[in-house]
1. Suppose we filter 36, 59, 67, 26 for residues that are closer than 18 Å to residue 149 by Cα, assigned to a helix (DSSP H, G or I), within 18 Å of the chain's Cα centre (by Cα) and at pLDDT 95 or above; which single one remains?
2. Can you spot a residue in segment 79-102 that is outside any loop (DSSP other than H, G, I, E, B), in contact with a strand residue (DSSP E or B) (Cβ under 9 Å, 6 or more places away or on another chain) and either crowded, with 16+ Cβ neighbours inside 10 Å or without any contact (Cβ under 8 Å) to a residue 60 or more places away in the chain (or both)?
3. Considering only segment 114-152, state which residues are crowded, with 18+ Cβ neighbours inside 10 Å and either under 27 Å from residue 88 (Cα atoms) or without any contact (Cβ under 8 Å) to a residue 60 or more places away in the chain (or both).
4. Within segment 39-56, can you find the residues that are under 16 Å from the mean Cα position of the chain (by Cα) and outside any strand (DSSP E or B)?
5. If the requirement is being surrounded by fewer than 18 Cβ atoms within 10 Å (Cβ to Cβ) and in contact with a strand residue (DSSP E or B) (Cβ under 9 Å, 6 or more places away or on another chain), which of these qualifies: 71, 63?
């Protein structure tokens, strides 16, 4: 989709993906760059937004040992096997799905991360630092997820 309003244009696209495990840091930088290229917007902002409360968007370095460290960091702060009221299906009655699983840890981990990142776009390119990459971070379990990409500018 392409919108035009007094010189400002906006393009919207959705990245669909499924993680192999949780937690899982999936580098989506190149996919975002392709969306920006398709948008034909050369200067503006790209908003990258996770449409989920147990999956996040973060900018960090794509280095395998660091990713292991980040996974362990999240597990230490909010371990999957800890006690969470959200996981007590005998008491909880709100926002339940048929295939509901205990995921209180994923919601708590999400509090430390964020649902989105906004990245400047100049000359048609994401303005990331040398080692910066954009990650979709699965915190819950493998299933299809959606990341909304909104590019605004000229």
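1. Values: 59 fails: assigned to a helix (DSSP H, G or I); 67 fails: closer than 18 Å to residue 149 by Cα; 26 fails: assigned to a helix (DSSP H, G or I).
When all the criteria are applied, what remains is 36.
2. Filtering segment 79-102 for residues outside any loop (DSSP other than H, G, I, E, B) gives 85-87.
Now drop any that are not in contact with a strand residue (DSSP E or B) (Cβ under 9 Å, 6 or more places away or on another chain), which leaves none.
No, segment 79-102 contains no residue that is outside any loop (DSSP other than H, G, I, E, B), in contact with a strand residue (DSSP E or B) (Cβ under 9 Å, 6 or more places away or on another chain) and either crowded, with 16+ Cβ neighbours inside 10 Å or without any contact (Cβ under 8 Å) to a residue 60 or more places away in the chain (or both).
3. 137, 138, 139, 140, 145
4. First, the residues of segment 39-56 that are under 16 Å from the mean Cα position of the chain (by Cα): 46-56.
Hits for segment 39-56 are 51, 52, 53, 54.
5. On the way: 63 fails: in contact with a strand residue (DSSP E or B) (Cβ under 9 Å, 6 or more places away or on another chain).
Result: 71 is the single residue among 71, 63 that is surrounded by fewer than 18 Cβ atoms within 10 Å (Cβ to Cβ) and in contact with a strand residue (DSSP E or B) (Cβ under 9 Å, 6 or more places away or on another chain).
The values are calculated or read from the model by the stated rules, or taken from the named source; none is laboratory data. Everything numeric here is computed off the predicted structure, so don't read it as measured data. Backbone-built Cβ (ideal geometry, glycine too); neighbour counts: all protein chains shown.
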